[in-house]
Amino acid sequence: MTVKAFASYVNPPLAKFLALSGRAQRFVRAQGCTVETDEGERYADWIAGFGSLNLGHNPPALLEAMKRHLDAGAPNLYVEALNPHAGRLAERLVHAAGDTFGTCYFANSGAEAVEAAIKLAIAATGRRGIVYCQGAYHGTTLGALSMMARGDYRRPFEPLLTQFCEVAFADLGALAAALEAKPAALVVEPIQVESGVRMLDAGFLAAAHDLCRAHGTLLVLDEVQTGMGRTGRLFAFQHDDVAPDILVLAKSLGGGLMPLGAMVAGKGLFERAYGDPLRCEIHNATFSGNALACCAGYETLAALQAPGFLAQVVERGRQLYDLLQTRLAGHPLVARIAVQGLIGGVTLKESAHPWFSWAHWGVDELCGRPATGPLLVHRMLRRKFLMQVCGHDWSTLRIEPPLIVSETECRRFVAALAEELDWIHRHG
C-alpha cells in the first residue's frame, strides 16, 4: 500500500514509467552490495545511490555510531549556538583535504553545496561571472541548473541566470578566453559522470589552476560523485596534486544514511566573503550541519581513512578494469571502456535492428535517444543487477558499485554483462 501511495502522492509519472519498464520492485531490506525485495529476490547494486553508498547499504559500524549518538540525547539543531558535532567533522574534513583549506560549510545535498560555493566565490571576489564546462551536471537548483548541460534537465526552465559562461569540456584555449572576462569562479567536475564518464586530460587541472590564479578567478571542484574514495584517493584532485580554492562534496559523505553536503573553502575565503557580524549568517540553512548528519559524516570519513581501505579500492578498480577489458574490448557493441577507481562507464554502439528501438517498444516520446543502453539495463535487471545509464548520455552504462564490492561480485557482474551484450548482438 505504501508503494501505491508513492504512485499517487510523490511522483506519479515516475511510478508509471518504472512499472512499464519492469523496475517497480518493492525493496524492503539492504545490506552491503545487495538489496532484497518483499518476495526475497536479491539484487546486486551497481548504482550505489548514484555514488551515495560508497560504504554499501546500512554499514554496521556507521549504524552503531548513529545509535550511540541518538542514545546520548544531544541536541540535533544548534540554532544560534556553537555546534560541536559540525566542528568535529569540519576539522577532520579540512585536514583531510589539505593544508590550503581553512573552513567547511555544511549543506543538505550536493546542489546546496554547489549553491554555497557559487555564492562564496561571488562574495569573496566581488565578481559575478561563473565559468563551467559543456556537459556538466552540478544539480537541479536554480544556480546549479544554470551550469547544467543543454537538454531536458535545463530546457523547461530557460532562460536561466545570466553571467554563466559555458566552455568546451577540457579545452584550455576556450577556458583561457573565458577567463579574460575576470569571472568569479570556474566550476568543474574531475570526471563528468553524467555525460558518459568523461575524464579530464592529464595536466588539465594544473593548467586550469594556473590560469585561474593569473586572472584572480577561484577554482571550484565539484566532487559530489568523485569524492570520498570513489576514484581510489579520498578526493579526485589528489591524483593531480592540484588543490582547488573550493571543494564541493556530498552524496557518500553521509554514509548513504543521512543527507549531507559540504563546501570546503581555502584559507581566508570565508572571512573575505562573510567576515563580520552582519554577514556571517547571510548564507545559511536550518538543518545544515545538524548533529546526526555530522555524526554520520565523521564515521564515514573515519571508515574511508582506515588503513588499507583506499588501497583496496585501487586494487579492486584495477581488477574490474582488467575484467572489462578482457571480456568486452573489441566487442561489436562496445565503443569505449573507462574506469578510474570504482567509477566507470561502458559506452555502447547502437544496434541497427528495428526491433531495438523506442518506436518498436511503443515509447515514441523517447525516439531519437540511444536505446541499446536502456535495453542492456533492462536485460541486466532480469539477471538481478541494478544498473543505470548516464543522465546526459544514454549510450553509456555507468559502473558505480559500493567501494566494498568483492572480486567475486565483479567477476559475476562482468560475466553477466558480456553475456547480455552477446545476446543483443546476436539478435540485432
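Every read-out reported here was derived from the displayed coordinates using simple, explicitly stated rules and does not represent laboratory data. Note that the structure is predicted; figures quoted are calculated from it, not measured. Positions of Cβ are generated from backbone atoms using ideal geometry, with glycine treated the same way; all protein chains shown enter the neighbour counts.
For residue 262, the amide hydrogen comes within under 5 Å of the amide hydrogens of 107, 249, 250, counting only partners 5 or more places away or on other chains and with H modelled in the peptide plane. Between residue 281 and residue 171, the distance separating the two model label sites (each 7 Å from Cα on the Cα→Cβ line) works out to 4.6 nm. Treating each Cα of the chain as one equal point scatterer and applying the Debye formula with no solvent, the log10 of I(q)/I(0) at q = 0.07 Å⁻¹ comes out as -0.35. Full extension of the chain between residue 364 and residue 207 yields a length gain of 52.0 nm, computed as 0.36 nm times the residue separation minus the alpha carbon distance.
Under the rule a/c < 1.5 gives rounded, and otherwise a/b versus b/c splits prolate from oblate, where does the stretch 115-250 land using the Cα gyration tensor? Here the stretch 115-250 falls in the rounded category.
Under a 5 Å amide H cut-off, with hydrogens placed 1.01 Å from N, residue 334 pairs with 349 among residues at least 5 apart or on other chains.
Here is the size of the stretch 186-284 from its Cα atoms: Rg then Dmax, 14.8, 45 Å. Just the number, please: Stokes-Einstein D of the stretch 225-371 in µm²/s, Kirkwood Rh from C-alpha pairs, 20 °C, 1.002 mPa s. Rounded to a whole number, D works out at 112 µm²/s.
What 222 nm value per residue comes from the helices of the chain, counting each DSSP H run with n ≥ 4 as -39,500 (n - 2.57) and dividing by all residues, nearest 500 deg cm²/dmol?
When only DSSP H runs of four or more count, the value is -11500 deg cm²/dmol.
In the stretch 307-369, the inverse of the mean reciprocal separation of distinct Cα atoms equals 14.1 Å; this is its Kirkwood hydrodynamic radius. Distances between placed amide hydrogens fall under 5 Å for residue 218 paired with 185, 186, all partners being 5 or more residues away or on another chain.
Rounded to two decimals, the Cα radius of gyration of the stretch 296-428 over 2.2 N^0.38 Å is 1.17.
With N the number of residues in the stretch 64-159, Rg(Cα) / (2.2 N^0.38 Å) evaluates to 1.41. For the stretch 70-116, the percent of C-alpha pairs falling in each 10 Å distance bin, counted from 0 to the bin holding the largest distance, reads 22, 45, 30, 4. Simple spin-label estimate for residue 384 and residue 154 gives 4.2 nm between the two label positions (7 Å along the Cα-to-Cβ direction from each Cα). Here the 3J(HN,Hα) profile of the stretch 64-72, calculated from phi with Karplus coefficients 6.51, -1.76 and 1.60 at θ = phi - 60°, is 5, 5, 5, 5, 4, 4, 5, 5, 6 Hz, Gly and Pro shown as x. Of all lysines in the structure, the ones whose alpha carbon falls short of 22 Å from that of residue 67, not counting any fewer than 8 places away in one chain, are 251. When the P(r) of the stretch 60-304 is calculated, the portion above 28 Å amounts to 29% of the C-alpha pairs. Each part reduced to its alpha carbon centroid, the stretch 3-75 and the stretch 255-314 end up 23 Å apart. Straight-line cross-link partners of residue 4 among the lysines, defined as a Cα under 24 Å from its Cα and at least 8 positions apart when in the same chain: 16, 384.
In the stretch 365-423, one over the average inverse separation of all distinct C-alpha pairs is 12.3 Å, which is the Kirkwood hydrodynamic radius.
The GluC sites (Glu not before Pro) of the stretch 28-109 that DSSP puts in a loop, and whose beta carbon has at most 11 other beta carbons within 10 Å, are 39, 80.
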